[in-house]
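A quick write-up on the structure given underneath.
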Amino acid sequence: MAFTIAIDGPAAAGKGTLSKAVAAHFAYAHLDTGLLYRAVGRRMLDGVDPLEAATSLLAEDLDADDLRTPDVAQAASRVAVIPEVRAALVDFQRAFARRDGGAVLDGRDIGTVICPDAEAKLFVTASAEVRAERRFRELLDRGLETTFETVLADVRERDARDMDRVAAPLLPAEDAVQIDTSGMSIDDAVAAAIAAVTEKGATQA
Ligand code: CDP
Ligand code: CDP
């Protein structure tokens, strides 16, 4: 059985949190596709050509802690505008999506480009201020020195670059269920996501 759940949305909307919870609930596999772009961005910062980095990504490149930094996030959004980089990452994502047992993929273009036939699509949003506040707290908790204003500027800059690019811009699929998590607790957002996906026919793997 293959059942694909696509979860898209802007930076720090709660995609990862909801994806992990939904994947755990249904016992599906989860792929954070942002990590692919972050890994390519990380290698670009090291001086590697982004296309070469995208065509030679290894599984061990994907779980490094140093991918979750603001510098790498910015680099990710810069390599993500390059159509050839995006194209090099398509097959891996589609193969993951159709694996037996069900899959949750989160990113920017899962419901629109990577898996237009996904059985369930969510588009998760929250105001830029709420998202920046959440990401700011997260970075502080991890001991990274920053300010709310810096994080808000980063979120806004990446949102604009992600929405304005020609290749696979950030936008909700026509058939996506939209969840605005601005005023929601994590538990409420998770419950809303599981309800929406159940409505689309997902069952435990
Ligand atoms: O994956 P994405 O960048 O969209 O967001 P995330 O990493 O899931 O969430 C960013 C931060 O917001 C995390 O620290 C979450 O715990 C928090 N969050 C929240 O406070 N309320 C929600 N409804 C969802 C996430
Ligand atoms: O967690 P957060 O939402 O802040 O970032 P992320 O999901 O790790 O994505 C980092 C950057 O990768 C985004 O700003 C996008 O430019 C890019 N990205 C993309 O273009 N397509 C995807 N499917 C996932 C990420």
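Taking segment 78-107 as the search range and keeping residues that are part of a loop (DSSP other than H, G, I, E, B) and modelled with pLDDT of 95 or more, which one is most open to solvent (accessible area, probe 1.4 Å)? Looking at residues that are part of a loop (DSSP other than H, G, I, E, B) and modelled with pLDDT of 95 or more, I get ARG98. Based on what the data block shows, is ASP71 among the acidic types (Asp, Glu) and assigned to a loop (DSSP other than H, G, I, E, B)? In short, no. If you check LEU67 against the conditions, is it among the hydrophobic types (A, V, I, L, M, F, W, C) and within 16 Å of ligand 1 (Cβ to nearest atom)? When the stated conditions are applied, LEU67 passes them. Screening the candidates ALA29, ALA11, ALA6, ALA75 for the property of being near ligand 2 (Cβ under 8 Å from one of its atoms), open to solvent by less than 40 Å² (accessible area, probe 1.4 Å), within 18 Å of the chain's Cα centre (by Cα) and of a type in the set (A, V, I, L, M) yields one hit, ALA11. Could you tell me which residue of segment 32-64 is nearest to ligand 1 (Cβ to nearest atom), considering only residues that are under 17 Å from the mean Cα position of the chain (by Cα) and among the basic types (Lys, Arg)? If we take residues in segment 32-64 being under 17 Å from the mean Cα position of the chain (by Cα) and among the basic types (Lys, Arg), then ARG38 is nearest to ligand 1 (Cβ to nearest atom). Applying the condition of being open to solvent by 30 Å² or more (accessible area, probe 1.4 Å) and within 13 Å of ligand 2 (Cβ to nearest atom) to segment 14-26 and asking which residue is farthest from THR69 (Cα to Cα) yields LYS20.
The values are calculated or read from the model by the stated rules, or taken from the named source; none is laboratory data. Since we're looking at a predicted model, the values are computed, not measured. Positions of Cβ are backbone-derived with ideal geometry, glycine not excepted, and every protein chain shown enters the neighbour counts. Note: areas computed on protein heavy atoms with side chains; ligands, DNA, RNA excluded. Shrake-Rupley method; radii C 1.70, N 1.55, O 1.52, S 1.80 Å.
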